[in-house]
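Here's the structure, in structure tokens; my notes come after.
Values in this text are rule-based calculations from the coordinates and carry no lab data. Here the structure is a predicted model, which means the values were calculated and not measured. Note that we place each Cβ from the backbone using ideal geometry, even for glycine, and neighbour counts take in every protein chain shown.
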């Protein structure tokens, strides 16, 4: 009913990749992230880059869920937050030391011992697993309700947006146990490493960079697998897939859950990189900002989405410093231009140029790829 | 190839907010039949197919072989061996012909197979490519196919899906004469191994290929039999064939709609 | 197959190149850390004719409305000081950063000011959340922050100077005032964040010890604008007064609803701690006339220093712009910092801290004195009444500047609070 | 007892605000199946229209009355412009439209900030609308705010006017025709383009009217739209596409639910509970309370 047959503009052919070549590409990215960036950037800028890479990790999931699966999730903040809070809860407990309450609980709370739902997070393994599994579990629960009842398209988008608003409101309301609007701040250590030490900050950056590459590899495998093809099929015609004997709800659920896990990991790594997690990272606005990066770079293209996310995050830092008002206009324009006039994002520009060049080189019409908008 | 099964529909009723789109239909399709469903617009043909495939809720009974279909979800009905096409060809335009067929072949695949890449062309897919004559175009995105080729691809998808009953909704609408002929022959070949039901407005096409015909009118079966029997039925002539021009009008009306939606 | 893979390879290479470009982009304007990575505290740069100070305020987002006025008054103070020759002979160069109403951004910008710009001190932050977010950054880098907004207390960071009121300079006097007016029961309404919740905790403890009844306590999410239910509850409670810690937009909706419910300043006065002249302007005196506020400064506060401040501010930013308590505290904070630096003879944070005790300044609110132990300042509490002209008229003050007591150690009833 | 009655009235008045906001949205969503995220900024435009008019018309009552039609025109024109510039190009891409209109809303907010300044502005309400009337007197009186009654009346008037327009006029029939079957409508000679734009004009104009009403109860500032719009979206989602009665019923039900839950718990918990309720409801009725049956298959 809504948009199961959205005539998409992301007409990027599903290329049959060659894993050896892909490995070369990843190697180049690895050199950039592990070699060039640490050399070229000051500690401060490297810390910023770490933060951008976290948003890029969310974008990888969005690329999968939205670009490939057509699920416009305006609620990634929920999963980012779950991962972030799971990590921060553990680090706060560890900072406080055995037997002590985290600082904010002593200030705002009345409890004399950790609330029951905090206690498991004292265990580092549990907390680490929870950063990814908790968001996935929540996504699986939500998704299986939502998709099975065929809530889709704009309905799904609005619902996911409302959920992220509700989650943020709830977190803020529980000040004694969640830190309220302040969030969990002043995180000192990261599994025994002092986060104040620039060397350790660098290490955190490397962990984040490695995690991003890992997620990209994972997403790439999924996109090029049979499942990835099926996901695109579900995006373009859910009913049709149903008549082929698949349950599209399950297909969507996998993408949604994986994207949630990726956002959770991003949130978890955001905590040591920035030293804070708060509801400000969770509400409607941050959730939609996660989407814009992917949209600008190219929602259906993995590399495009990642670069878009990094680029938009960088532009926000750079532009909002000098021209806060102009940044809002710019951000609005980005949404409009990227989605209305360049729906495939910048990645589609690259594709267009390449096709044109190929066509000129061979003096033949380019391979029959439909360009532009249908209908 | 699995055993042939027939379709046995009893007292099927579908209503939308009080409007009875299908009003007590009894219909038997023998295994291996090539049955045409005809009738004026609004007769309930498509709704009947919707009901059989689980898209709309219905009362009554639909037996396929000896399995009751009513009450099952769409994808479970599909898995029990029933496939359908739509008036507008719905193939996955951004995927290649090969990928389209591969997806159709894969509903039973396990998790691990799904998460891996397609290494080669499954045999059933290769065969279907030949059968529907799209082997040359295997790597083209389905969106670039001509209208008729999309319909063939859809039929090919039903073949690899290994359905035992094909329900085709106006498969030749918008096709050229030659394409219709080719499609008809394709359906004849398919019906040797499977049961085929075709909704069609094109009377010439029906006359050339139908083994049996059911005429629907106002949600009920008006007449049933061979082409000749049905044509001879006075009631049918009255509501439908009687208006000599009606068939032509319907044909021309169907064409632009199909083109527009392609 | 082969053509497909070559396309993919080129795409990946292009992608990697672009990634490298992105990395280079983020390096723009970057300076490598001179001291190497083991140097924990970034050294402020005091070598030239100018020294840099950071102004860290939200210039965009929901808090921009309030924080821009603070930034403006910080700039006013800096301009005045520069016009009179600067500090220790050096001109002050303000570096303004946008916290964007987002706490992690505050932390990021604080870090940038200290480590990239090498500022000697930073002025700003408004919400407690933003202060909590930057606090570790300033402590980690041993750099100074001057925080100009009244807040919920329970904090003493060695690298923060608090020039706004702590609870015993604003909330406790306001409660004393209500008690003296014979109010026996109060209703608490607040936005759902740290300041109102902590303030209300203190209020409840005070009420318990002073024979006042708290008849209800309600929190609305920040930005919430639907107050009919809360107004109903307040009305039904028949309390003697309302203590209001709502923030921003919510105040507008609350007071409109309050009036619609037939509640007035005479039947049930509201004491607000977050409504200053600017807010009065945006709510409308139609709804506010007669209601009470608790601050340390009003535009109408008497004194030559204030007359001059108001005049200078309006001359610089426009006649229609009111001055408010946080703006005054921000303005004052720059002068206090200047006095500390001059007393220490150095911009070094440790020396500035050591010199801070007893520093005084003739601020627009009256004479203020720095309490070196808590790094808060002595302030006079003032209760004001909102007039029909939109200005706030002082109706009571504490007579003398109150010694800051962020942990309320001097109050027996507060012993169980932290 | 008074409490229950009082909260029901409060709920109805919350519902009336929701209804007024959601009404225009329901029309544009039903018409083109797009979610217009800038709807909240059209509300803002209506509120600022009231503010601007008050500068030249000193009588609060008169300026409010004049503001109603003027705000309708201003917001309607903005809506038609948006439809013409962007939305019609995004036909059949509802998700892209949603994000594009979000971008538009960001820009409109900033525009308002640049024109009117970031702080909220004030308007004066006519004295008649700041009081209340007593329904049940006595020790525990039940009063209803006049401003709320005015909004309720305005919402009812808007619903009646809209449904009469849809039922009685040829424009309305064309709109309903397009909502039910766009292709068929087009084939039967209806200019869907013009119908779309007109529907968008009316829907956005209603947002402007809602903005005028909101000046009586809430803040008038650049972000006033975003604060309330999500609730309005939920009304539409739960109410279902293309049917006024769904919007009307759901607005009031959500309003009462919200006020009762707020009273018995806290505002935050009430918000969370309402959302959980909505998710549960959509399990039962995924396409909302009322849906139009169409025969389109995919």
Query raised in the report: Given the rule -39500 (n - 2.57) for each run of at least 4 DSSP H residues, summed and divided by the residues of chain A, what is its mean residue ellipticity at 222 nm, to the nearest 500 deg cm²/dmol?
Result: -22000 deg cm²/dmol
Query raised in the report: the protein assembly as shown: D in µm²/s via Stokes-Einstein (Kirkwood Rh, Cα pairs, 37 °C, 0.692 mPa s)?
Result: 97 µm²/s
Query raised in the report: Along each of its three principal axes, how wide is the spread of alpha-carbon positions in chain D, in whole angstrom units, largest first?
Result: 65, 48, 35
Requested in this report: Run the numbers on chain C and let me know its relative contact order in percent, using alpha-carbon pairs under 8 Å that are six or more apart.
Outcome: 16 percent
Report summary line: Restricted to the protein assembly as shown, the DSSP antiparallel beta bridge percent, nearest 5, is 45 percent
Requested in this report: Mind telling me which of A:117, A:170, A:66 comes out most flexible in a GNM of chain A, alpha-carbon contacts under 10 Å?
Outcome: A:117
**Report entry** Kirkwood Rh, Cα atoms: Rg over Rh of segment A:18-65
**Finding:** 1.07
Requested in this report: Return, for the Cα atoms of segment D:111-173, the radius of gyration and Dmax in Å, separated by a comma.
Outcome: 18.8, 54
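Work out, in µm²/s and without decimals, the Stokes-Einstein translational diffusion coefficient of chain C at 20 °C, 1.002 mPa s, Rh from Kirkwood over C-alpha pairs.
In µm²/s, the coefficient is 94.
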Query - Area projected by the alpha carbon convex hull of segment A:112-179, averaged over all directions, nm² - result: 5.6 nm²
Query raised in the report: Pick from B:116, B:234, B:84: which is most flexible by mean-square fluctuation in a GNM of chain B where alpha carbon atoms under 10 Å apart are linked?
Result: B:116
Report summary line: In degrees rounded to 10, the 0-90 angle between helix D:146-168 Cα long axis and the longest Cα principal axis of chain D is 20 degrees
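To the nearest 500 deg cm²/dmol, what mean residue ellipticity at 222 nm is calculated for chain D from DSSP H runs of n ≥ 4 alone, each contributing -39,500 (n - 2.57), summed and divided by the residues?
That comes out to -25000 deg cm²/dmol.
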Report summary line: Whole-Å distance linking the alpha carbon centroid of segment C:273-308 with that of segment B:151-216 is 82 Å
Report task. For every helix of n ≥ 4 consecutive DSSP H residues, a contribution of -39,500 (n - 2.57) applies; sum these over chain C, divide by its total residues, and give [θ] at 222 nm rounded to the nearest 500 deg cm²/dmol. Result -> -13500 deg cm²/dmol
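Calculate how many DSSP beta bridges within chain C are antiparallel, expressed in % of all such bridges and rounded to the nearest 5. Could you put the intermediate results ahead of the total?
Details: 18 of 54 bridges.
Expressed as a percentage, antiparallel bridges in chain C total about 35.
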Query raised in the report: In a GNM of chain A with a 10 Å cut-off on Cα contacts, which of A:230, A:53, A:64 has the highest mean-square fluctuation?
Result: A:230
Report task. Take the alpha-carbon centre of segment C:141-209, take the same for segment D:124-172, and report the distance between them in whole Å. Result -> 41 Å
**Report entry** Cα-based helix-to-principal-axis angle, C:325-344 vs chain C, degrees rounded to 10
**Finding:** 60 degrees
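Using Cα-Cα distances under 8 Å and only pairs 6 or more residues apart, what relative contact order does segment A:82-132 have, in percent?
That works out to 54 percent.
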Requested in this report: Please order D:194, D:113 by the number of other Cβ within 10 Å, starting at the fewest.
Outcome: D:194, D:113
Query - Computed P(r) (all Cα pairs; chain A; 20 Å bins; percent) - result: 28, 57, 15, 1
Report task. Please determine, in degrees from 0 to 90 and to the nearest 10, the orientation of helix C:167-180 with respect to the longest principal axis defined by the Cα atoms of chain C, where the helix direction is its Cα long axis. Result -> 10 degrees
Query raised in the report: What percent antiparallel are the DSSP beta bridges of segment B:7-261, to the nearest 5?
Result: 55 percent
Query raised in the report: Counting alpha carbon pairs within less than 8 Å and at least 6 residues apart, what relative contact order, in whole percent, applies to segment D:114-230?
Result: 29 percent
**Report entry** Dimensions (Å) - segment A:140-265, Cα atoms, principal axes, largest first
**Finding:** 57, 36, 19
Query raised in the report: Any idea what diffusion coefficient segment B:7-261 gets from Stokes-Einstein, in µm²/s, Kirkwood Rh on alpha carbon pairs, 25 °C, 0.890 mPa s?
Result: 131 µm²/s
**Report entry** Largest-first principal axis extents of the Cα set of segment C:263-418 (Å)
**Finding:** 53, 47, 23
Report task. Kindly put C:409, C:142, A:92 in sequence by how many other C-beta atoms sit within 10 Å of each C-beta, fewest to most. Result -> C:409, C:142, A:92
Query - Exposure proxy order (Cβ contacts within 10 Å, fewest to most) of C:379, B:76, B:45 - result: B:76, B:45, C:379
